[in-house]
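The values are calculated or read from the model by the stated rules, or taken from the named source; none is laboratory data. Fair warning: this is a prediction, and the values are worked out from it, not measured in the lab. Virtual Cβ from ideal backbone geometry, glycine too; neighbours counted across all protein chains shown.
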Amino acid sequence: MSYVTINKEACIGCGACVDVCPQSALYMKDDKVEVNEKCNLCGACISACPVNALSIPREVKDSSALADYKGVWVLVEHDGKKPVNVTYELIGEGRKLAEKRNTYVGVVLLGNNVSHMVDDLGSYGADKVFLCQSPVLEHYRTEAYGDVIVEMVKTYKPEIVLSGATTQGRDLAGFVATILETGLTADCTGLDIDENGNLLQTRPAFGGNIMATILCPNTRPQMSTVRPKVFPVPEKTDKKPE
């Protein structure tokens, strides 16, 4: 079991963290804070510490394992008849990212009787379509869709997963990222790849007064929701997906 990490050299013994801990897991000893087994990593003490002496330990995955992840995925949102426009927009942008990573563009299509969309998705640039059909998936439900996508990610290991920043897209991406314990950047307006292969995710911050670029270097997949109409819809071709 992990507990909050205490930097004893930085701790000034003010006791602010002890006062806010809802579990009574922190206590003072020799003018320094200590932690006991009651700690549940709620994080209340982190913001209370005036000298940033407390932190929550995070497991860092073996960097060599990150190389096993390949592909740029787009989570398809549709109305049962055709994908919504942001799906096409993300396929086009995903193609640019995939070319920089020398990998493929995949789309995840869930629903019931939706196979008629497969060729359409290919014509807009998808190399592969991961199709799952079931009466259970006829209407969007967070857990049903999320469980399928989580298992797909664990099996096929995409490096990047993109979703539209719509009501459904935000809900689904948040569920998937939480279960996979990976990073998710919301409402992106710009995407790029750095020299180390990390996804550069740019989004407005502080009420749109600045643009922040966020990286997820230690976990995979790297996940982003992207605002509709930020990127253009790619030209349609005669391409067929796998």
Name every residue in segment 153-166 that is in a helix (DSSP H, G or I) and polar (S, T, N, Q), in order of residue number. Thr155
When segment 30-54 is checked residue by residue, the ones that are out of contact with any strand residue (DSSP E or B) (no Cβ under 7 Å at 6 or more places or on another chain), among the small types (Gly, Ala, Ser) and surrounded by 14 or more Cβ atoms within 10 Å (Cβ to Cβ) are Ala44, Ala48
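Each row is one residue, and each column tells you yes or no for (1) modelled with pLDDT of 95 or more; (2) closer than 30 Å to Leu162 by Cα; (3) touching a helix residue (DSSP H, G or I) at 6+ places or on another chain (Cβ under 9 Å).
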{"position": "Asn7", "(1), (2), (3)": "no, no, no"}
{"position": "Ala10", "(1), (2), (3)": "no, no, no"}
{"position": "Cys49", "(1), (2), (3)": "no, no, yes"}
{"position": "Ser63", "(1), (2), (3)": "no, yes, no"}
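Only one of these is more than 26 Å from Lys229 (Cα to Cα), buried (at least 20 other Cβ atoms within 10 Å of the Cβ), in contact (Cβ under 8 Å) with a residue 12 or more places away in the chain and not aromatic (Phe, Trp, Tyr): Val107, Val153, Val161, Val148. Name it.
Numbers: Val107 fails: more than 26 Å from Lys229 (Cα to Cα); Val161 fails: more than 26 Å from Lys229 (Cα to Cα); Val148 fails: buried (at least 20 other Cβ atoms within 10 Å of the Cβ).
Unique residue meeting the criteria: Val153.
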Exception for Thr166 within (1) of a type in the set (Ser, Thr, Tyr); (2) touching a Leu at 6+ places or on another chain (Cβ under 6 Å); (3) farther than 20 Å from Ala98 by Cβ falls at (2)
Of the numbered conditions (1) modelled with pLDDT under 95; (2) touching an Asp or Glu at 6+ places or on another chain (Cβ under 8 Å), Arg58 satisfies every one except a single condition; which is it? (2)
Surrounded by 15 or more Cβ atoms within 10 Å (Cβ to Cβ), charged (D, E, K, R) and not in a loop (DSSP other than H, G, I, E, B), is that true of Asp192? no
Counting only residues that are of a type outside the set (A, V, I, L, M, F, W, C), surrounded by fewer than 16 Cβ atoms within 10 Å (Cβ to Cβ) and part of a loop (DSSP other than H, G, I, E, B), how many does segment 199-227 have? 5
May I ask you to verify whether Glu143 is under 23 Å from Asp192 (Cα atoms), under 21 Å from the mean Cα position of the chain (by Cα) and assigned by TED's automatic domain parsing to the domain that holds Glu195? no
When (1) more than 27 Å from Asn209 (Cβ to Cβ); (2) assigned to a strand (DSSP E or B) are applied to Ala186, the one that fails is (1)
Would you tally the residues in segment 110-133 being among the hydroxyl-bearing types (Ser, Thr, Tyr) and in contact (Cβ under 8 Å) with a residue 24 or more places away in the chain? 2
Does Thr103 satisfy the condition of being outside any helix (DSSP H, G or I) and among the β-branched types (Val, Ile, Thr)? yes
Flagged pairs (Cβ under 6 angstrom, 6 or more apart or on separate chains; first in segment 167-182, in a helix (DSSP H, G or I); second aromatic (Phe, Trp, Tyr) and crowded, with 17+ Cβ neighbours inside 10 Å) are Leu172/Tyr145
Qualifying position, being surrounded by fewer than 19 Cβ atoms within 10 Å (Cβ to Cβ) and not acidic (Asp, Glu), among Ala65, Ala98: Ala65
From Val150, Val86, Val74, residue being closer than 25 Å to Cys188 by Cα and assigned to a strand (DSSP E or B): Val74
